[in-house]
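Working notes for the structure below.
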Amino acid sequence: MGRAEDDEPPPKRVKVSSGKLGDLSKSTLLTDPASCSLNDLMAHPLVCQGDDEVVGAKGVVKKVEFVRIIAEALYSLGYNKAGARLEEESGIPLQSAVVKLFMQKILDGKWDESVATLHNIGLMDEKIVKLASFEILEQKFFELLDGKKVMDALKTLRTELGPLCINNARVRELSLCILSPSQQVLTRMSGQDVVRPKSRTKLLEELQKLLPPTVIIREQRLIHLVEQALDLQLDACRFHNSLVGEMSLLTDHQCGRDQIPSRTLQILQDHSDEVWFLQFSHDGKYLASSAADCLVIIWEVKLDGLFCVKHRFSGHQKPVSYISWSPDDHQLLTCGVEEVVRRWDVESGECIHIYEKNGLGLISCGWAPDGNRILCGVTDKSISMWDLEGKELECWKGHRTIRISDLGITSDGKHVVSVCKDNMILLFGWESKAEKVIQEDQTITSFVLSTDNKYLLVSLWNQEIHLWDIEGTAKLISKYNGHKRSRFVIRSCFGGLNQAFIASGSEDSQVYMWHISSGELVETLAGHSGTVNCVSWNPADPHMLASASDDHTIRIWGLNQVKMKHTDTTSNGVHYCNGGT
């Protein structure tokens with residue numbers, strides 16, 4: 001095999017809750033709001049005994065906040081007596097007296113008093129006061145309208161809502177209700193609905209979201225914090241690769257290494273030369289592989305996890321360097337090295353169409369998300385788009401691609417991704433014509449898009465793999481190293497549960513796996529006797545990984561606990577349970 005630095009690169013690398021609100025009447029007031037004036041209740045920061053006291057070994061949890069959150073949880077669970085007892089015994093009220101008064105005024109429908117009390121809560125942000133006032137007065141407007149008090153509703157609109165100058169478009173929409181007071185729902189100019197009055201409890205929930213949490217504790221705040229902690233435990237678990245049925249609050253979550261595919265379950269030996277590329281179908285039911293023997297093989301994944309040959313596609317005159325499944329997995333594109341692209345029917349095995357350009361070779365291929373158009377990289381550095389019958393619909397000329405067999409199309413169909421220079425990736429919109437570039441310091445050898453289109457995994461000349469966040473402005477967020485690459489194209493992939501892992505081939509005959517968030521190398525798989533050129537993780541089975549090698553074989557990797565399977569004469573493979581050769 002040639003070296004990557006040759007002027008004519010080798011074929012293998014063509015260069016290289018809502019719970020309900022607690023019953024306010026059950027909550028203890030330190031001061032009876034009915035016996036106080038608004039001036040008496042004028043809110044200041046809630047001061048309680050032990051206000052600066054902290055709990056916990058790290059000294060970051062304020063006792064007052066902690067107790068208030070526990071009290072809110074008790075009320076939301078319906079334990080009103082326990083919540084009131086906690087407030088009384090701790091001397092720490094869930095809400096200040098003025099806030100409790102405000103909430104009660106809302107539930108009682110005393111709108112003018114609600115707005116007056118709102119101004120006495122002591123909010124520093126005038127915009128929040130206006131937004132909350134608008135919500136309250138809008139509810140007043142609708143309830144007046146529902147009570148057939150049209151003139152009072154009009155007065156509220158003109159003298160109270162309008163002067164707030166906070167949402168003039170909404171005021172105009174509400175005025176339509178005056179013209180058609182019998183209508184229950186009107187269509188906004190924005191296409192949404194102008195809804196009739198919500199319940200007062202719902203209004204209070206929305207006000208809780210609007211007001212600062214220091215004033216009103218968010219509903220189910222404790223549950224939210226616990227759920228957040230569980231999510232963080234899952235994200236931090238470097239071996240988490242299985243769906244979690246139940247998580248206990250009594251113990252920390254931790255998975256073992258046995259959740260990572262690390263044992264050879266089957267060796268597929270039907271190729272007669274170096275295996276360069278492989279890719280699972282989107283539904284995980286098939287694996288397609290291509291090799292220097294100019295052959296493409298479709299392997300079917302049986303229910304017992306064994307692989308057997310479904311089709312052998314022949315017809316390419318040169319080694320096949322790239323494969324792309326159609327969005328529905330019914331068809332397959334295959335690309336020979338600087339040759340033609342063939343479209344195959346997966347069920348029948350028939351070659352449906354051949355795509356070519358006179359005097360030029362094709363180097364990469366991919367599908368538009370609608371499945372009715374295909375895109376190909378061309379040796380003249382252009383990218384062409386055809387319909388299925390071979391009519392060229394568009395050609396983007398210039399430095400759109402170089403001789404690297406990688407082409408990405410986002411699943412929303414908005415962007416094409418290609419390597420436009422040795423160290424530069426281009427994301428361009430074929431409709432918007434907008435362009436965005438990712439520039440590396442080293443030569444790019446391959447790349448792959450994540451299934452959610454948010455990330456790009458870029459393999460580099462210097463034996464590093466870079467993870468880029470490509471939403472908005474592209475940002476380099478992580479680097480992975482440890483694998484070996486000095487001469488050939490080595491491909492990597494996303495995979496595992498929620499694509500939480502990265503796998504890569506290597507020139508030292510091994511497969512490398514990293515945890516995507518921590519960057520930690522979690523597993524190295526030995527078994528091949530030649531360079532591992534490509535890896536593919538089954539998108540439907542986080543415990544199944546395939547690797548393609550110069551040793552002419554494909555290895556299927558699974559979990560350690562899988563027992564040895566007996567050889568099946570129809571499976572076209574040798575079965576192992578220990579990674580041996």
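The values are calculated or read from the model by the stated rules, or taken from the named source; none is laboratory data. Please read all numbers here as calculations on a predicted model, not as lab measurements. Here the Cβ positions follow ideal geometry from the backbone for every residue, glycine too, while neighbour counts run over all protein chains shown. Only protein heavy atoms, including side chains, enter the accessible area calculation; ligands, DNA and RNA are left aside. Shrake-Rupley method; radii C 1.70, N 1.55, O 1.52, S 1.80 Å.
Considering Leu278, Leu306, Leu333, the condition of being more than 21 Å from Phe494 (Cβ to Cβ) and aliphatic (A, V, I, L, M) is satisfied by Leu306 alone. Suppose the filter is among the charged types (D, E, K, R), at pLDDT below 95, surrounded by fewer than 22 Cβ atoms within 10 Å (Cβ to Cβ) and touching a strand residue (DSSP E or B) at 6+ places or on another chain (Cβ under 9 Å); does Glu338 pass it? Judged against the criteria, Glu338 is a match.
When the criteria are applied in full, Lys209 fails the requirement of being under 24 Å from Lys110 (Cα atoms) and modelled with pLDDT of 90 or more.
Give the residues of segment 258-274 that are farther than 20 Å from Gly349 by Cα and either part of a strand (DSSP E or B) or open to solvent by less than 40 Å² (accessible area, probe 1.4 Å) (or both), sorted by residue number. Once the filter is applied, which keeps residues that are farther than 20 Å from Gly349 by Cα and either part of a strand (DSSP E or B) or open to solvent by less than 40 Å² (accessible area, probe 1.4 Å) (or both), segment 258-274 yields Gln259, Ile260, Pro261, Ser262, Arg263, Thr264, Leu265, Gln266, Ile267, Glu274. In segment 426-448, the qualifying residues are those that are in a loop (DSSP other than H, G, I, E, B) and open to solvent by less than 20 Å² (accessible area, probe 1.4 Å), and the one that is nearest to Arg485 (Cα to Cα) is Glu440.
Scanning for something open to solvent by 30 Å² or more (accessible area, probe 1.4 Å) and within 40 Å of the chain's Cα centre (by Cα), does segment 132-145 turn up at least one residue? Scanning segment 132-145 turns up at least one residue that is open to solvent by 30 Å² or more (accessible area, probe 1.4 Å) and within 40 Å of the chain's Cα centre (by Cα). Tally time: how many residues in segment 288-306 are of a type outside the set (A, V, I, L, M), closer than 27 Å to Leu559 by Cα and surrounded by fewer than 24 Cβ atoms within 10 Å (Cβ to Cβ)? Total meeting the criteria: 4. The requirement of being within 23 Å of Cys493 (Cβ to Cβ) and within 29 Å of the chain's Cα centre (by Cα) is satisfied by Ser364. Annotation note: Cβ proximity below 6 Å between a residue of segment 209-224 that is within 12 Å of Ala71 (Cα to Cα) and part of a loop (DSSP other than H, G, I, E, B) and a residue that is open to solvent by less than 70 Å² (accessible area, probe 1.4 Å) and modelled with pLDDT of 90 or more (sequence gap 6+ or interchain) occurs for Ile217/Arg68; Ile217/Glu72; Gln220/Ser76. Screening segment 456-501 for residues that are in contact with a His (Cβ under 8 Å, 6 or more places away or on another chain), of a type in the set (A, V, I, L, M) and outside any loop (DSSP other than H, G, I, E, B) and picking the one that is most open to solvent (accessible area, probe 1.4 Å) gives Leu476. Thr524 falls short on exactly one of the conditions (1) modelled with pLDDT under 95; (2) open to solvent by 30 Å² or more (accessible area, probe 1.4 Å); (3) among the hydroxyl-bearing types (Ser, Thr, Tyr), and that condition is (1).
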